[in-house]
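See below for the structure under consideration.
The values are calculated or read from the model by the stated rules, or taken from the named source; none is laboratory data. Here the structure is a predicted model, which means the values were calculated and not measured. Ideal geometry is used to build each Cβ from the backbone, glycine not excepted, and the neighbour counts take in all protein chains shown.
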Amino acid sequence: MSNYHIKGLKEYFQVYGMAVDDPEQFWEEIAEENFVWRKYWDSVLDWDFEKPEVKWFDGAQLNITENCIDRHLNHHGDKTAFIFEPNDPSEAAEHISYKDLHKRVCKFANVLKSKGIKRGDRVCIYLPMIPELAVSMLACARIGAIHSVVFAGFSSVALSTRINDASCKMVITSDGSYRGTKKVDLKVIVDDALNNSPSVEDVLVVKRTGCEVVLKEGRDEWLAPLLENSSIECIAETLEAEDPLFILYTSGSTGKPKGMLHTTAGYMVNVAYTFKNVFQYKGDDVFWCSADIGWITGHSYTVYGPLINGATSIIYEGVPNFPDWGRFWALIDKHQVSQLYTAPTAIRALAKENLSYVEKYKLTSLKVLGTVGEPINEEAWHWYNNNVGKKDCPIADTWWQTETGGIMISPIPFSTPTIPTFATLPLPGIQACLMDEQGKEIKGNRVEGRLCIKFPWPSIARTIWGDHKRYKDTYFSTFENKYFTGDRALRDATGYYRITGRVDDVIIVSGHNLGTAPIEDAINEHPAVAESAIVGFPHDIKGNALYGYVTLKDSGLSIDNDHLRKEINLIITEKIGPIAKLDKIQFTSALPQTRSGKIMRRILRRIASGDVDNIGDISTLINPETVKDVMDNVLL
Ligand code: PRX
């Protein structure tokens, strides 16, 4: 039996059990049967919890782009690898075949080489959702350079921090980007960032919006002329299984973002397997993941997962409401999309609009729906199921993380019966468990606890770039022998998992992970601010929105100071990006603190959510009188 493609619940349980009994054999069979290796591995898994160190398929040699592109050329060279749907629907969509992709990646890789980029060098990619984003990632992978994609909505300060953290030698960007009716001048943001990023020697600029840009001599160049003069042949570098593939930053509970490092072979095997099973991709299906490639979802399920499986994957440049709120549905009919993978926040935003936007379209090509990034509420689940899937498309509520590289807990469509809001069962090869606060595993069903994973799986991030101690502290120090996810979950009577939220200081806003610490750091830089605390509160569309409590140095400043509120949001936009802006800002005279000086966020969270009857014990506070003051002035 090939365990690569599961059909039916019985088979799922069989394969799952087999993977628990012998995880190495399970992954080895998948690896042997479905990929191109230049040399097989010496060992399947080496794992040392103490360090911690994980190696999958050690000794093997390969190139992931050969698996993504070259091996499809003989039989499927003319098949479309990517469909590029531009922001403006009157601009023609572009179909890029596997053959075309091969040429484009080779040419790009040769440009990188001509600029002196070598195996192990870090290349920062700051691009909108255009084909060059995927092509440049693959070009890096072709020559063994490590790509670090930074979401093009981040500010120049955030970009510079990420460039510096990885000492990137090159930045690949564009003149600008389109987002609905808006244009953003990306190159200006890069220029700003590079004032503080001395490691960057070269900047390659893709022309997209035609806006004016300044090219700094000796550093910046347009990409197009370089590509024109570059060869369409570039032999893929032979890489080791554990050679780094990419760095991708995610928020943590301190100010500094965590550069999660993913390596080659394990990531490849894991994302290929999960793509195939979770989306039940077949034949000529057209797959669309609406996430930006700047996030892990786009890395794994717009680029790598689909290409390894020889699929057709859509890259959509725009937003859901341009030219109107029917754009997603128009796109699905236009390209006959079979699988749609999107986020609960997008579903909620789409559901808020008039149903006629959806009803205008047939959507009959859809077979499977997916969601990711945050818990999906029941109402959004039903809306998606009724109006998009027409009650005929299973919904895969997929739970995973930047750190896990690939989907971990999810129904397998047509096999696992779904229940709204439940990510259901761990995929084969993934041993999920729940832990209590004393560090004991909670066995049985109908229980709730902290979500951990027992055994290393192939696509686990190997380290935090430049900070292995933080990697150990964050993920492997809370519970012995287990990877701690930072999430809380419950397991129902049937063993299904439902993820109920984060247990740390990360808040998920519109599906984006935001650490409270960097936002507070940004606010505290405002000269009028003495102290601040950020908490999340429930929001109809974003899932959570941000509520800021801000204590001013001069308490005489009016508590209704809207000008100051604007300035605070401006500083957040500058330091992090518009995604981290606060929805509400309450000025406080002081914040409730414990004796050790820690701000009691639990109380602030309850107050911001209007849950004032459940404030709980405030006897441990050094200043309990602040609670009443905060409650009296709450903005609900
Ligand atoms: O809290 C979980 C939530 O998103 C976190 C991971 O965020 P990030 O690294 O940005 O990756 C998002 C895309 C994979 C998780 O720790 N999360 C993700 N998927 C779900 C979810 N929460 C509930 N249900 C999900 N399906």
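Scanning the range 133-186 for residues that are among the basic types (K, R) and either in contact with a Gly (Cβ under 9 Å, 6 or more places away or on another chain) or not assigned by TED's automatic domain parsing to the domain that holds S199 (or both) gives R162, K169, R179, K183.
Condition check: outside any strand (DSSP E or B), outside the structural domain of A533 (by TED's automatic domain parsing) and of a type outside the set (F, W, Y). Does L261 satisfy that? No. Among the residues making up the range 540-558, those that are of a type outside the set (G, A, S), assigned to a strand (DSSP E or B) and more than 21 Å from the chain's Cα centre (by Cα) are Y547, Y549, V550, T551, L552.
If the condition is being part of a helix (DSSP H, G or I) and within 11 Å of the ligand (Cβ to nearest atom), then the range 340-378 contributes only P344.
Checked against (1) surrounded by fewer than 20 Cβ atoms within 10 Å (Cβ to Cβ); (2) modelled with pLDDT of 95 or more, S253 passes all but a single condition, namely (2).
Here G283 meets each of (1) closer than 23 Å to A31 by Cα; (2) within 21 Å of the chain's Cα centre (by Cα) with one exception, condition (2).
Residues that are among the acidic types (D, E), away from the ligand (no atom under 12 Å from the Cβ) and at pLDDT below 95 within the range 477-515 comprise E480, D505, listed in sequence order.
Would you check if S167 is under 23 Å from the mean Cα position of the chain (by Cα), more than 20 Å from N87 (Cβ to Cβ), among the hydroxyl-bearing types (S, T, Y) and not in a helix (DSSP H, G or I)? So S167 fits the description; yes. The set of residues in the range 1-23 that are closer than 17 Å to P456 by Cα and over 27 Å from the mean Cα position of the chain (by Cα) comprises G17, M18, V20, D21, D22.
Applying the criterion of being within 26 Å of L245 (Cα to Cα) and small (G, A, S) to the residues of the range 449-476, the residue that is farthest from the ligand (Cβ to nearest atom) is G466. Can you tell me which residue is nearest to the ligand (Cβ to nearest atom) among those in the range 379-396 that are buried (at least 23 other Cβ atoms within 10 Å of the Cβ) and of a type in the set (G, A, S)? Out of the qualifying residues, it is A396. Restricted to the range 235-250, and to residues there that are in contact with a helix residue (DSSP H, G or I) (Cβ under 6 Å, 6 or more places away or on another chain) and acidic (D, E), the residue that is farthest from the ligand (Cβ to nearest atom) is E237.
Each row is one residue, and each column tells you yes or no for (1) assigned to a loop (DSSP other than H, G, I, E, B); (2) in contact with a strand residue (DSSP E or B) (Cβ under 6 Å, 6 or more places away or on another chain); (3) among the aromatic types (F, W, Y).
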{"site": "I189", "(1), (2), (3)": "no, no, no"}
{"site": "D192", "(1), (2), (3)": "no, no, no"}
{"site": "S197", "(1), (2), (3)": "yes, no, no"}
{"site": "G210", "(1), (2), (3)": "yes, no, no"}
{"site": "A224", "(1), (2), (3)": "no, no, no"}
{"site": "A236", "(1), (2), (3)": "yes, no, no"}
{"site": "I247", "(1), (2), (3)": "no, yes, no"}
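For the range 584-623, give me the residue count where each residue is modelled with pLDDT of 90 or more and more than 22 Å from A530 (Cβ to Cβ). Total meeting the criteria: 3. Could you tell me how many of the residues in the range 21-38 are surrounded by fewer than 16 Cβ atoms within 10 Å (Cβ to Cβ) and either among the hydrophobic types (A, V, I, L, M, F, W, C) or within 28 Å of I69 (Cβ to Cβ) (or both)? Total satisfying the criteria: 4.
Looking for whichever is more than 16 Å from the ligand (Cβ to nearest atom), in a loop (DSSP other than H, G, I, E, B) and farther than 22 Å from A193 by Cα here; the options are S313, S231, S253. Which one fits?
None of the other options fit; the residue is S231.
Residues in the range 591-636 that are of a type in the set (A, V, I, L, M, F, W, C), closer than 27 Å to K566 by Cα and surrounded by 16 or more Cβ atoms within 10 Å (Cβ to Cβ): L591, I599, M600, I603, L604, I607, A608, V627, V630, V634. The single condition from (1) assigned to a loop (DSSP other than H, G, I, E, B); (2) surrounded by 24 or more Cβ atoms within 10 Å (Cβ to Cβ) that D284 fails is (2). For the range 291-300, the criterion of being at positive phi, outside the structural domain of I130 (by TED's automatic domain parsing) and assigned to a loop (DSSP other than H, G, I, E, B) is satisfied by no residue at all.
Selection over the range 397-429 of residues that are among the small types (G, A, S) and either within 11 Å of the ligand (Cβ to nearest atom) or not in a loop (DSSP other than H, G, I, E, B) (or both) gives a count of 4. When T494 is tested against (1) surrounded by fewer than 21 Cβ atoms within 10 Å (Cβ to Cβ); (2) hydroxyl-bearing (S, T, Y); (3) under 28 Å from A461 (Cα atoms), just one condition goes unmet, and that condition is (3).
In the condition set (1) surrounded by 18 or more Cβ atoms within 10 Å (Cβ to Cβ); (2) under 30 Å from T416 (Cβ atoms); (3) among the hydroxyl-bearing types (S, T, Y), T588 is compliant with all but (2).
Within 16 Å of the ligand (Cβ to nearest atom), buried (at least 21 other Cβ atoms within 10 Å of the Cβ) and closer than 30 Å to D487 by Cα: which single residue out of G548, G577 fits that description?
Sole residue among the options that is within 16 Å of the ligand (Cβ to nearest atom), buried (at least 21 other Cβ atoms within 10 Å of the Cβ) and closer than 30 Å to D487 by Cα: G577.
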